[in-house]
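I am attaching a structure below and will ask some questions about it afterwards.
Readers should treat all values here as calculations from the given coordinates under stated rules, not as data from a laboratory. Since the model is a prediction, treat every value here as computed from it, not as a measurement. With ideal geometry, Cβ positions are generated from the backbone for all residues, glycine too; neighbour counts draw on all protein chains shown.
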Amino acid sequence: MDARTEAKRAAAEKAAEYVHDGMIVGLGTGSTAYWVIQKLGERMKNGLKIKAVATSNQSELLAKELEIPFVPLSEIGEIDLTIDGADEVDDEWNLIKGGGGALLREKIIATASKELIIIADESKVVKKLGQFPLPVEIVQFGYELTLCKLASYGCITHLRMQEEERFITDNGNYIVDCAFGQIERASDLHAALNMIPGVVENGLFINLATKVIIGANDGSIKEL
Ligand code: 5RP
């Protein structure tokens, strides 16, 4: 395992320590969240009792393979704790998410969670958000027009592709990766982008994280 993967795993396993019996746990998406799901699967074999909700079909599939039980969203009011990755984390714990295309479900689950622990390797920590192109989920209808509107906010838009096909989210939508370079007022941009007809949600997560755990390539872990 390379140092970066080890750093992701270390942060994930630290975060999994915050999971206790009886909790409803939100499972994130991506290569860092993968390690949380693995760890929780292992702990459940040793007696941990939790119920889960997932932020993507991919994470749900993995958790079901590990025999982690699920609770329907219709049966819960709140989620005790969600653990998820991020593409960028700034000083104020604002995030860019959606590199894996799961940002809409991730935001729904994060917003319904009492606690949101973000786990990442140190390459994700930035002074200012925006170096990572901001993923935006948009409906398919009129997507060319939505791309123009997004570009009018000062970014270069790129409709996400996968194996020469347009990438389709779990919700049947497209993802546009918006290269801003640097985002000055993340909260204002977040609100403005979500006002564009055709935009379902954007990957800025403002004031949602309640803890950030960073794994460093030298093997150490930092809880922010
Ligand atoms: C998926 C996400 C992921 O959390 C984010 O892309 C980080 O992924 P990884 O842990 O693989 O670096 O937002 O939509």
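Spit out the partnerless Cys residues in the chain, using Cβ distances under 4.7 Å as the pairing rule.
Singleton cysteines: Cys148.
A further question on this structure: Using a 10 angstrom cutoff on alpha carbons, build the Gaussian network for the chain and name the most mobile of Thr82, Thr29, Thr169.
Looking only at Thr82, Thr29, Thr169, the largest GNM fluctuation is found for Thr169.
Skipping prolines and chain starts, which residues have an amide H placed within reach, meaning under 5 Å, of the one on Asn217, given they are 5 or more residues away or on another chain?
Under 5 Å from the amide H of Asn217: Glu122.
State the answer as a single residue: which of Gly215, Ile83, Gly101 lies farthest towards the positive end of the charge dipole of the chain, with beta carbon charges of +1 for Lys and Arg and -1 for Asp and Glu, about the Cα centre.
Ile83
If I model a spin label at Glu144 and Ala191 as a point 7 Å from the Cα along the Cα→Cβ vector, what separation in nanometres do I get?
3.3 nm
Follow-up. Which angle from 0 to 90°, rounded to the nearest 10, does the C-alpha axis of helix 3-16 make with the longest principal axis of the chain?
Rounded to the nearest ten degrees, it is 60.
Find, among the GluC sites (Glu not before Pro) in region 62-117, those assigned to loop by DSSP (not H, G, I, E, B) with at most 14 other beta-carbon atoms within 10 angstrom. Before the final figure, lay out the partial values.
Details: sites: Glu65, Glu67, Glu75, Glu78, Glu88, Glu92, Glu106, Glu115; in loops: Glu67, Glu78, Glu92.
Taking region 62-117 and a limit of 14 other Cβ atoms within 10 Å, the loop GluC sites (Glu not before Pro) found are Glu67, Glu78, Glu92.
What is region 68-162 by shape, rounded, prolate or oblate, if you read a ≥ b ≥ c off the alpha carbon gyration tensor as root eigenvalues and call it rounded for a/c under 1.5, prolate for a/b larger than b/c, and oblate otherwise? Provide the component values of the computation, followed by the final result.
On the way: a/c = 2.40, a/b = 1.34, b/c = 1.79.
It is oblate, given that a/c is not under 1.5 and a/b is not larger than b/c.
Kindly identify region 1-106 as rounded, prolate or oblate by the Cα gyration tensor criterion: order the square roots of the eigenvalues as a ≥ b ≥ c, call it rounded if a/c is under 1.5, otherwise compare a/b with b/c, prolate if a/b is larger, else oblate.
Working: a/c = 1.61, a/b = 1.23, b/c = 1.31.
In terms of gyration-tensor shape, oblate.
Additional query: So which chymotrypsin sites (Phe, Trp or Tyr not before Pro) in region 67-160 are both in a DSSP loop and have at most 12 other Cβ atoms within 10 Å of their Cβ?
Phe141
Once amide H atoms are built 1.01 Å from N in the peptide plane, which residues 5 or more positions from Ser113, or in another chain, come under 5 Å H to H?
Ile79
While we're on this one: Could you tell me how far the Cα centroid of region 173-215 sits from the Cα centroid of region 115-164, in Å?
About 7 Å separates the Cα centre of region 115-164 from the one of region 173-215.
Sticking with this structure for a sec: Using helices alone, I'd like the mean residue ellipticity at 222 nm for the chain: each DSSP H run of four-plus residues gives -39500 (n - 2.57), total over residue count, nearest 500. Mind dumping the intermediate values first?
Working: 6 runs with 63 residues, N = 224.
Helices in the chain give a 222 nm mean residue ellipticity of -8500 deg cm²/dmol.
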